[in-house]
Amino acid sequence: MAKGKKDNAEDDYSAKLDLCLTDAIVKTGGGVLLGALTSVLFFKRRRWPMIAGMGMGVGLAYANCEYELNPKKNAS
């Protein structure tokens, strides 16, 4: 019975990591896309808005993943 609980806990952890990876891909891609759009429309095709958007996407994904994996630790 203990083995079943361990497998279930591992499956939950694996599902959370999959969610984190998917979230990171979506948020990073969205940040790059919005940065590219901003760059084309307002900044004469500079590279820094895309890099800033990518950084924001990675940061948001990291924060969400950290909260998802450690919910009690982050509660105030």
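Worth pointing out:
- Relative to the longest principal axis of the Cα atoms of the chain, the long axis of helix 2-42 makes an angle of roughly 10 degrees.
- Each of 28, 56, 39 was placed along the dipole of the range 19-69 (beta-carbon charges, centred on the mean Cα), and the one lying farthest toward the positive end is 39.
- Around the Cα centre of the chain, unit charges on the Cβ atoms of Lys, Arg, Asp and Glu (plus for the first two, minus for the last two) sum to a dipole of about 440 debye.
- Chain lengthening between residue 25 and residue 43 when straightened (0.36 nm per residue, less Cα-Cα): 4.0 nm
- Taking 0.36 nm per residue of sequence separation and removing the Cα-Cα distance, the residue 13/residue 60 pair yields an extension gain of 14.9 nm.
- Cα long-axis angle, helix 48-69 against the chain (0 to 90 degrees, to the nearest 10): 10
- Extent along the principal axes, Cα only, for the range 19-69: 40, 13, 11 Å, with the longest axis given first.
Coordinate-derived values only; no laboratory data. Values in this document were obtained by computation on a predicted structure and should not be read as measured data. Methodologically, a virtual Cβ is constructed for each residue, glycine included, from the backbone with ideal geometry; neighbour enumeration extends over all protein chains shown.
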